[in-house]
Amino acid sequence: MRYCFAPMEGLTDSVYRRLHHHFFGGVDRYYMPFFSPTMHRTLSAKESRELPLADSVAFSAVPQVLTKNAEDFLWAAEVCKERGYNEVNLNIGCPSGTVVAKGKGAGMLADLDALDRFFDTVFSSATLPVSVKTRLGLTQSEEFPAVLAILNRYPIAELTVHPRVRKQFYQGAVDMEMFHYAVRNSKHPLCYNGDLFSLSDCEKIKNAYPQIQSLMLGRGLIADPGMLVGGTKKETLKAFHDALLEEYLVLFGGSRNAMFRLKENWSYLLPRFENSEKLGKRLRKTTDLPEYKSIVAEIFQALPLK
């Protein structure tokens, strides 16, 4: 079984991926948060930083692209190829309102004829393997058979299925009946993504579907970054946090954005600590770096991990 780290915008950036690999590991492939090609077809400084040369990192990473324009996707794929990557991932599952309103991400599931034309153009010209991450549909799971029928027409390298519809975002139950449909009917290697918060959750999927080759973890691995290597130890987590803070202070040129980025991580980490409500509230409110460091030190010193 291959373990993949889901791309999470504002969380699993290039700094996070590198330091997670250093302090924890256990991940076979890190998927990068998407970048969206613009009409100018140039990489911004941030996009260039987030898409380092493939041979400059010590782990396997896959770039993800978000676009509804096939020619833009092909341009982005060529950029990824030039930077040494051997796969590019298309996101047709992002549920963000602003993304869907532009017809991107899960918004592409609203017009299956257009989706078919998109893939026809892409796979007529793509020069490296293309994998796809999808949801079941926009509003109801019953949309998925028609979605899968389109995807089955093309040589997708791997299909990651998050068995929720767009309107659920990350709430409510995953639809395992429809994932079972995918297992029975997909012509592609499958990756399961959704509500994997422990190794026990992973084992349940592996035992239920031994024919799938990959599991993709996101929120669960942010909350328990050492999950795949025997669990998260407090001292390792603190060293990881401190290294993130140090690099973010340099990257963002100050404390405000560095703390903001780390507070996103804390929203997943704090529930792992017992009785964290009071310190968590202080942590969320502070805008002062010394106070932030003091609160973090108290969290690690005083609160046991669950």
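The values are calculated or read from the model by the stated rules, or taken from the named source; none is laboratory data. Remember, it's a predicted structure, so these values are computed and weren't measured experimentally. Methodologically, a virtual Cβ is constructed for each residue, glycine included, from the backbone with ideal geometry; neighbour enumeration extends over all protein chains shown. Surface areas here come from the heavy atoms of the whole protein model, side chains and all, with no ligands, DNA or RNA. Shrake-Rupley method; radii C 1.70, N 1.55, O 1.52, S 1.80 Å.
A few notes on this one:
- Single condition residue 72 does not satisfy, out of (1) over 27 Å from residue 242 (Cβ atoms); (2) in contact with a Pro (Cβ under 9 Å, 6 or more places away or on another chain); (3) at pLDDT below 95: (3)
- Any hit, region 114-125, residues being closer than 24 Å to residue 215 by Cβ and either modelled with pLDDT of 95 or more or surrounded by fewer than 17 Cβ atoms within 10 Å (Cβ to Cβ) (or both): no
- Residue within region 196-204 that is without any contact (Cβ under 8 Å) to a residue 40 or more places away in the chain, open to solvent by 60 Å² or more (accessible area, probe 1.4 Å) and of a type in the set (Gly, Ala, Ser) present: yes
- Residues in region 14-52 that are assigned to a loop (DSSP other than H, G, I, E, B), farther than 22 Å from residue 215 by Cβ and not basic (Lys, Arg): 36, 37, 38, 39, 40, 42, 43, 44, 51, 52.
- Residue in region 165-181 that is over 20 Å from residue 16 (Cα atoms), basic (Lys, Arg) and open to solvent by 40 Å² or more (accessible area, probe 1.4 Å) present: yes
- Selection within region 46-75: residues that are under 19 Å from the mean Cα position of the chain (by Cα) and among the hydroxyl-bearing types (Ser, Thr, Tyr). The member of this set that is surrounded by the most Cβ atoms within 10 Å (Cβ to Cβ) is 67.
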